[in-house]
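Single-structure report; data block below.
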Amino acid sequence: MDSSAPLNRRTLLNHSVLTAGAAAGSIAALTGCSPQQGAPAAAQMPSAVPSGGGTPVRVGRLADLAVGATGSAKANNKNIVLYRPDETSVLAYSAVCTHAGCTVAAAGKKFDCPCHGSSFEAADGTVITGPAQRPLVPLQAAIDGDWITVSL
Ligand code: FES
């Protein structure tokens with residue numbers, strides 16, 4: 001799996017990587033791993049109130065995350081994943097898998113973990129497929145003009 005192969009804008013409809021601090025929001029491709037099918041969905045709490053409250057950090061340009069797309073970014077050296085459900089909002093989560101701490105990657109309208117196959121809903125971070133049993137940790141995200149910001 002190569003997570004650093006560059007893609008042109010046209011191929012980024014569902015997989016965008018946004019890099020904080022890059023002058024033009026550099027983008028690279030992500031490839032998701034296939035989740036293990038048939039694993040029982042774990043009972044879980046609904047997504048918690050987004051954590052954060054710190055200083056908003058620009059994680060990428062809004063134009064680089066199409067409506068309906070997921071992506072990955074770094075903010076203050078932390079890996080995060082993003083989902084843009086509509087024109088006016090962006091959701092962000094810690095990319096740390098709640099099973100054993102690997103980094104999840106954008107995969108369509110979900111986030112997949114390459115280590116043991118857990119998969120999480122982009123819309124709320126809940127577990128689709130285990131072994132993870134807890135949702136991804138939500139972060140406070142916002143749209144600030146042309147930018148996506150995340151408060152850490
Ligand atoms: Fe993600 Fe195990 S660390 S599934």
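FYI, it's all coordinate maths here, none of it is from the lab. No experiment lies behind these values; they were computed from the predicted model shown. Cβ sites come from the backbone with ideal geometry, for glycine too, and all protein chains shown count toward neighbours.
I'd like to know if the range 127-139 contains one or more residues that are charged (D, E, K, R) and closer than 13 Å to Y83 by Cα.
Scanning the range 127-139, I find no residue that is charged (D, E, K, R) and closer than 13 Å to Y83 by Cα, so the answer is no.
Any chance you could count how many residues in the range 125-152 are within 16 Å of C97 (Cβ to Cβ) and among the charged types (D, E, K, R)?
Our first condition is that a residue be within 16 Å of C97 (Cβ to Cβ); within the range 125-152, this holds for 125-139.
Narrowing further to those that are among the charged types (D, E, K, R): 134.
Total satisfying the criteria: 1.
From the residues in the range 104-132 that are more than 8 Å from the ligand (Cβ to nearest atom) and in a loop (DSSP other than H, G, I, E, B), which one is surrounded by the fewest Cβ atoms within 10 Å (Cβ to Cβ)?
We begin by selecting, within the range 104-132, every residue more than 8 Å from the ligand (Cβ to nearest atom); these are 105-112, 119-129.
From what's left, in a loop (DSSP other than H, G, I, E, B): 108-109, 122-126.
Details: G108: 14, K109: 14, A122: 25, A123: 12, D124: 15, G125: 28, T126: 18.
Top of the filtered list is A123.
List the strands (runs of 3 or more DSSP E) that sit entirely inside the range 55-103 and contain at least 3 residues that are within 16 Å of the ligand (Cβ to nearest atom).
So the answer is 78-86.
Collect the residues in the range 111-129 that are over 17 Å from A73 (Cβ atoms) and not hydrophobic (A, V, I, L, M, F, W, C), keeping them in residue-number order.
P114, H116, G117, S118, S119, E121, D124, T126, T129
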